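Data block below; observations after.
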Amino acid sequence: MATIADLQPDFATLPEMAADVFTAPLARPAHVGEDWLEPAQTAYTADDHAVWDDLFARQLEVLPGRACSAFMGGLEKLDLGRGGIPEFGKLTEELGALTGWSVVPVPMLIPDHVFFWHLANRRFPAGNFIRTRATFDYIEEPDVFHDVFGHVPMLTDPTYADYMQEYGRAGWKAMRYNRLKALGALYWYTVEFGLIEEAHGDVRAYGAGILSGPTEARFAVEAESPNRIMLNVDRVMRTDYVISDLQPTYFVIESFADLYRQTVERDFDRLYRSLPAGFTYANSAVIDVDNVLHRGTQEYHLRGGRGSGAVPV
Ligand SMILES: [Fe+2]
């Protein structure tokens, strides 16, 4: 039976994750507490800072015309190109004045319930470490470049900042229904790999997974291979996704206000009751209800994708 606490979660308190909820198990390092926060940001070496600067310069060659205006504006507002890895305290001061968000250091990927709790309280957990020269082009675990360069500029947009907080709050309900997979797909196809149509035919990226790498920024916006489909939350939450390669499908929003409306005003109780535990649609599928902007050739994935030598066209 539902209790009052279920109906009105206290977002200020770290939620408990029931043992039967499907989620990735992560071993907590001994030096962090239940909040998974690092006591302090890493003291970076000169080479670490140089890696940031080189990654930054490379992205700035690719992103104009491909990244959405909110992102480019955010980079400027936070002056992320001032040189070296940004100091989280300073970033928090500046971001706090704009939208009330803070940036907090975490050692690695953190468990879903802790992640939801931080987002619900307008704290963005950012990986503390930075990739090395050896992993300059591709890393599996999100580092400080992905997290700060990719995600934080978007948090200067007030509507997007509200969406991120609501996403965190939505975690409580998803845990109750054991549907973290579905909510994870929504994150994947919006926060990580989302596109926005800024003007008719002018599609740009706002997802951090796209914005923090040079290949996907071109592929997502311009290539013939991937599908570009207008976002429909119900459909997206039933769609499988690729973790270690370019996406076969990207979902496009009209505006951040539209993204906010589609998710916050959605009756997730009803949706979760009708969702199966697994995904219904393959990541390359185009289905009847889709409003398709571009039907992809899927050439890149048909030729074998990452590691096959296939060109991301
Ligand atoms: Fe990310």
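No value in this document is a laboratory result; all are computed from the given coordinates. Remember, it's a predicted structure, so these values are computed and weren't measured experimentally. Virtual Cβ from ideal backbone geometry, glycine too; neighbours counted across all protein chains shown.
A few notes on this one:
- Selection from GLY184, LEU109, THR159, by position along the positive dipole direction of region 34-302 (Cβ): GLY184
- Residues of type lysines that LYS90 reaches as a straight line, Cα spacing below 19 Å, ignoring anything fewer than 8 places off in the same chain: LYS77
- 3J(HN,Hα) from dihedral phi, region 200-211, Karplus parametrisation 6.51/-1.76/1.60, rounded to Hz, x for glycine, proline: 3, x, 9, 9, 9, 9, 10, x, 5, x, 7, 6
- Here the gap between VAL242 and ASN291, fully extended at 0.36 nm per residue and compared with their Cα-Cα distance, gives a gain of 15.5 nm.
- Taking other Cβ atoms within 10 Å as a rough exposure proxy, ILE229, ILE130, ILE287, ILE139 sort from fewest to most as ILE287, ILE139, ILE130, ILE229.
- Which of GLU140, GLU38 has the fewest Cβ neighbours within 10 Å, and the rest in rising order: GLU140, GLU38
- Residues of region 27-48 with amide N under 19 Å of the 7 Å Cα→Cβ point at VAL21: 27-29, 33-37
- The GluC sites (Glu not before Pro) found in region 225-313 that occupy coil by DSSP, while having at most 11 further C-beta atoms within 10 Å, are GLU265.
- When +1 charges are put on Lys and Arg Cβ atoms and -1 charges on Asp and Glu Cβ atoms, the dipole computed for the chain relative to its Cα centre reaches about 540 debye.
- Neighbour-count ranking [beta-carbon atoms within 10 angstrom, fewest first] of ASP79, ASP147: ASP79, ASP147
- The length gained on full extension between ARG270 and GLU34, counted as 0.36 nm times the residue separation minus their Cα-Cα distance, comes to 81.8 nm.
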